[in-house]
Every structure is written in C-alpha cells, then in structure tokens.
Amino acid sequence: MTTTLSPRRTTPEAETEARVRQSLAERLAPYAYIAPFFLIFGIFGLVPLLFTFYVALFDWNPIGEHVFIGLDNFSRLLGDPRFWNAAWNTISMWLLSTVPQLLAALVLAHLLNHARLRLATLWRMSMLVPYITSVAATTIVFAQMFDRDYGLLNWLLGLVGVGPINFQQSVWGSHIMIATMVTWRWFGYTTLLYLASLQAIPRTIYEAAAVDGAGAWKQFRHISIPSLRPVIIFTIVTSTIGGLQIFTEPMLASHTTPLTCGPIRQCQTLTLFLYEQGFGQFQFGYGAAIGVALFVLIIVIATLNYLLSARIRPER
C-alpha cells in the first residue's frame, strides 16, 4: 500500500509575509553594506571632532586641572594677531597652489585626451611620480632650488638682471615656494582624474562639434568643461580641504624654526599654529579652539566653492 504526499500549499497570508521579509531585507541590505564605514568614522572621526569642541571650552592642562572657561578661548583667538597672520598665510598659499593646479591640470588633461602620443600610457602614469614621492624629499629639493645664494631659480633670474631673492625669509617668497611644492605634488594626480573623466565622453560628440565648425577652444569650453562638472566639483572641494590643512611643507621649509616657519611667522599656517599652541606650549584648550576655527573656515570656503562650481551646466 503506497501513500502519496500531496505538495504543501501555502496560504496567501504566508506568501504576503514572505514577500514582506524579502522586501525588508532588500531595503536594509544597502545600509548594512555601508554601516562599517560610518561605524569607523563615528569612532575615529566624529568622536574626536566632538571632543575637540568640548576641550575648546576649557583651560585644559594635559597634566593638571581642566577649568571650564566657556568661550574665552575663542575671544582670545579673535584678538590674537598670530591667529589672523596664520589664517592669511593659509588662505594665500591655498589660493596660490589650488587655482593654478586645477586650471593647468584641466588644460593638460584635455591635450592628453586628444593628442596622439607614442607610449601614451607611460606618459600618463609618469604623472603620478610626484604624488608618490616623499614630501620630505620634495621639500629638500625645492628648498635648494629656491635658495638665495645657490638656488637654480635665483641663478636663472640673475641671467636676466634680477637680483637674488630670499624666498625663505620673505612673506610672498615663502608662499610662492610652498605653493609650488604643493602644486607639483598634486598636479599629476588631478590631471589623471580629469583625463579619466574625459575619456568617458563619446568621441562622436567632438566629431559632431568639429563638423559644425567648432574649434578646439569651443570644444574645450562647451563640451569638456560641462562634462567634467562632477569631477571638477570633487577636485575643488578636496583641494580646499587639503590646501587649508597644509602642514608638512611649511614645517619642513624652515629648518631653524619649524613651528613658526620663520622668525616673523611668514609662512606659519593654521595647522602649524595649532600644533605650536597645543603640543609646543601645551595649551590644549586654545589649540582646540584653533582647530574649531579651522573646521569652520574649511566648511565655509568648501561650501562657497561648491556653490560656485555647481553653476557649471552642461550645454543643451
């Protein structure tokens, strides 16, 4: 005698419950994928940031008492000429390094995208050499190039009748020297970002524009730049964040006074000023206030840059 098992029938309620579970899992899966990043960021990024705001409200002695003083550190900061000097130096070197870097990288990426070169991949990858070079080695080389007595740049200026310039001891000279280091280091990296985006633009668009009579300049202005809008915004924001946090180059540029970057603080940035006050004089509360001010400055300038760069619209 044989018994035949009939297939199990599912009720409509069970099917609905299964679909709900599957739908819920599909909705939660993306959040589970990105959760590790935000967890690590919260522990090592957000918590230190909030703690910095907290320390800025105290007269914080690392081995002594922590006295709550409210906003006194910020009032002292606004009346400190050293802070305004460091802020001016930071903005000046950021402008001198970021603007030429982004413009030159954009033009060179456009040329590399259209030029027919032998070993093109080799030439393009060689632009990453400055990016992977040690910052200390870069600073040593550029310090020799900008040296007052034996530097290559002053030797070239002497050929056209210009006297030697003491770049390291003057305000504008030190700013130009450090901005040149930063530009040289990040120029190739930015160029490759633009080049990778340009190669994603269909060639047929340029061919159609050439048939319509558009020259190289019009193609660059009306096709390349609008198509690069997302990556231009990305590089502007990241260059703003990195440029306003510049630390290593000015510290290594001055051998005798690394924390002040010269006897008259001619190239001391906000990060150097923060390090001097926090870890040089152990005024952690005042140093934290400088960090908060730098954070606000970066947010304001990055937002303004984003709003200005977002005005770039693709051609209709």
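The values are calculated or read from the model by the stated rules, or taken from the named source; none is laboratory data. Only a predicted model underlies this, so the values are computations on that prediction, with no experimental measurement involved. Note: ideal-geometry Cβ built from the backbone for every residue, glycine included; neighbour counts use all protein chains shown. Heavy atoms of the whole protein, side chains included, go into the accessibility calculation; ligands, DNA and RNA do not. Shrake-Rupley method; radii C 1.70, N 1.55, O 1.52, S 1.80 Å.
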Hey, rough spin-label estimate for I241 and R221, points 7 angstrom out along Cα→Cβ, what's it come to in nanometres? 3.3 nm
In the neighbourhood of T269 defined by beta carbon distances under 14 Å, the net charge of the other residues (Lys, Arg +1; Asp, Glu -1) is 0
Computing the accessible area with a 1.4 Å probe over protein heavy atoms, can you report the carbon and sulfur percentage for segment 183-237? 64 percent
Note: Y31 to W88 extended length (0.36 nm per residue) minus current alpha-carbon separation gives 16.3 nm
Could you give the accessible area per residue of the chain, probe 1.4 Å, as a whole number in Å²? 62 Å²
Gaussian network model of the chain, Cα within-10 Å springs - most flexible of S197, S23, S227: S23
Nearest 10 degrees, 0 to 90: helix 229-244 Cα axis against the chain principal axis: 50 degrees
Need the C-alpha centroid separation for segment 171-209 versus segment 80-110, integer Å. 15 Å
Expected max-MSF residue from M125, M181, M93 in the GNM of the chain (alpha carbon, under 10 Å) is M125
Using only the alpha-carbon atoms, how far is helix 81-114 inclined from the longest principal axis of the chain? Give it as 0 to 90 degrees, nearest 10. 60 degrees
With the 8 Å Cα cutoff and a minimum separation of six or more residues, the chain has a relative contact order in percent of 26 percent
What relative contact order, as a whole-number percentage, does segment 222-316 give when Cα pairs under 8 Å and 6 or more residues apart are counted? 38 percent
Using θ = phi - 60° and Karplus 6.51 cos²θ - 1.76 cosθ + 1.60, couplings along segment 287-294 (whole Hz; Gly, Pro as x): x, 5, 5, 5, x, 5, 4, 5
Give, in nm to one decimal, the length gained when the segment between L157 and Q169 is fully stretched (0.36 nm per residue of separation minus the Cα-Cα distance). 2.6 nm
What is the gain in length, in nm to one decimal, between T257 and Y54 on full extension, counting 0.36 nm per residue of separation less the C-alpha to C-alpha distance? 70.0 nm
Just going by the charge dipole of the chain, with Lys and Arg at +1 and Asp and Glu at -1 on Cβ, which of Q144, F74, P226 is farthest out on the positive end? P226
Taking 35 Å as R0, compute the FRET efficiency from the Cβ-Cβ separation of V135 and D212 and round it to 0.05. 0.15
Which residue, L122, L193, L272, tops the fluctuation ranking in a GNM of the chain built on C-alpha contacts under 10 Å? L122
Using a 1.4 Å probe on the protein heavy atoms, what percent of the accessible area of segment 56-97 belongs to carbon and sulfur? 68 percent
